[in-house]
Amino acid sequence: MATLALNKLFLPIVFLVLIIKVSQSKAALDARYYDQTCPEAEKIILDTVRNASMHDPKVPARILRMFFHDCFVRGCDASVLLDSTPQNKAEKDGPPNISLQAFYVIDDAKAKLERACPQTVSCADIITIAARDVVAMSGGPFWNVLKGRKDGRVSSAAETINLPAPTFNVSQLIQSFAKRGLGVKDLVALSGGHTLGFSHCSSFQARLHNFSSVHDIDPSLNSEFAETLRKKCPKPNKDRNAGQFLDSTASIFDNNYYKQLLAGKGVFGSDQAIISDYRTRWIVESFAKDQTLFFKEFAASMVKLGNVGVIENGEVRLKCRVVN
């Protein structure tokens, strides 16, 4: 049944490169937005991200996570880049974002773009393009990024409570994504971004110790994998840097994440939850079997997420950390 449903739901795959011009959330973005005003924009961003990744292999995962955390709060407006001030605690200092890093990569790209074409390329577009580049650089799909976002002027740490938590169940995840115009397929596809990355123990250790009155360890975890995690994250845990890669091929963008979920090796409770619910499991199984299908759907969902809450009539920040 799942295979038949899948064939109806997903169109035949011809190209991984998506050339799309859409107008969701009132924003009319365009893949060729900077063709005349800053034709070198994408090359400058790619070169910056590639050089940074050569010096720090964690950059791709950090940039992709930055994009998600920006778009899920106030939409894709680069509000996550703004620094706190004495009068305001900004998003980057909210609890879920304390571990966000690699802001310097966006700063570097912005400085180069200001020299090449002043006051033209928004910080919001830089994050969106960089997120595509780190996926493609890591072996994942390439898609044409829609551009024309403007930068927001508001950033509040309190609003990071709107980010989906690693403890969410499927109903909570579906509700969180639906608020941003994203469906169940988008939820499962974008969860595949965890194929890149690492998590500290604090985000999953509740699954390893005193999980419930009946089970000390989350029974949905593979028992050998659970023991590995318990050794890395003992209680009490004195090593703040301890944690686990979210995928056994954490520097390569592939469909291994879904294969791990099916083997009971999802690190987050929210990851494991999507294989225990009939609404999402069949999509996980489909992506685990067909990497090309996953790549196509991930690219399409990234385009949709990149169009959430877009500002068309805002400002282009001169520096991404401060409003003009």
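Data for the structure
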read-out	value
Coarse-grained scattering of the range 148-201 at q = 0.19 Å⁻¹, given as base-10 log I(q)/I(0) from a Debye sum over alpha-carbon atoms	-0.89
Using distinct alpha-carbon pairs, which all enter the 1/r mean, Kirkwood radius of the range 46-97 in Å	12.2 Å
Cα centroid of the range 171-203 to Cα centroid of the range 264-324, whole Å	6 Å
Exposure ranking of 191, 276 by accessible area [1.4 Å probe, largest first]	276, 191
Rg/Rh ratio calculated on Cα atoms of the range 250-324 (Kirkwood radius)	1.16
Lysines with Cα under 25 Å of residue 265, excluding same-chain neighbours fewer than 8 positions away	58, 185, 231, 232, 235, 238, 289, 296
The chain, relative contact order in percent, only Cα pairs under 8 angstrom and at least six apart counted	26 percent
Label-point separation, residue 262 to residue 89 (7 Å along Cα→Cβ), nm	4.4 nm
Chymotrypsin sites (Phe, Trp or Tyr not before Pro) within the range 190-262: DSSP coil, no more than 12 neighbouring Cβ in 10 Å	none
For the range 110-238, accessible area per residue (1.4 Å probe, heavy atoms of protein chains only), Å²	43 Å²
By accessible area with a 1.4 Å probe, ligands and nucleic acids excluded, highest first: order of 132, 153, 180	153, 180, 132
Linear extension gain, residue 228 paired with residue 252, 0.36 nm per residue minus alpha-carbon span	6.5 nm
Hydrodynamic radius by Kirkwood, which averages 1/r over all alpha carbon pairs of the range 183-308, in angstrom	15.1 Å
Table column - 3J(HN,Hα) (Hz), the range 29-39, Karplus curve with 6.51, -1.76, 1.60, x for Gly and Pro	8, 9, 5, 10, 4, 9, 4, 8, 8, 7, x
Alpha-carbon radius of gyration plus Dmax, which is the widest Cα pair, for the chain in Å	19.5, 64
Efficiency of FRET from Cβ geometry, residue 215 and residue 111, R₀ 41 Å, rounded to 0.05	0.20
Where the Cα pairs of the range 53-132 fall when distances are cut into 5 Å bins, in %	3, 15, 26, 25, 19, 10, 2, 0
Accessible surface of the chain, 1.4 Å probe, proportion on carbon and sulfur as whole %	55 percent
Dmax and Rg, reported as Rg then Dmax, of the range 116-225 (C-alpha, Å)	18.4, 62
Calculated [θ] (222 nm, deg cm²/dmol) that DSSP helices of n ≥ 4 give over the chain, each run adding -39,500 (n - 2.57)	-12000 deg cm²/dmol
Alpha-carbon centroids, the range 83-97 and the range 103-144: separation in whole Å	23 Å
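The values are calculated or read from the model by the stated rules, or taken from the named source; none is laboratory data. As the structure is a computational prediction, the values presented were derived from the model and not from experiment. A quick note on method: Cβ atoms are made from the backbone with ideal geometry, for glycine too, and the neighbour counts reach across all protein chains shown. Just the protein is used for accessible areas: all its heavy atoms, side chains included, with ligands, DNA and RNA removed. Shrake-Rupley method; radii C 1.70, N 1.55, O 1.52, S 1.80 Å.
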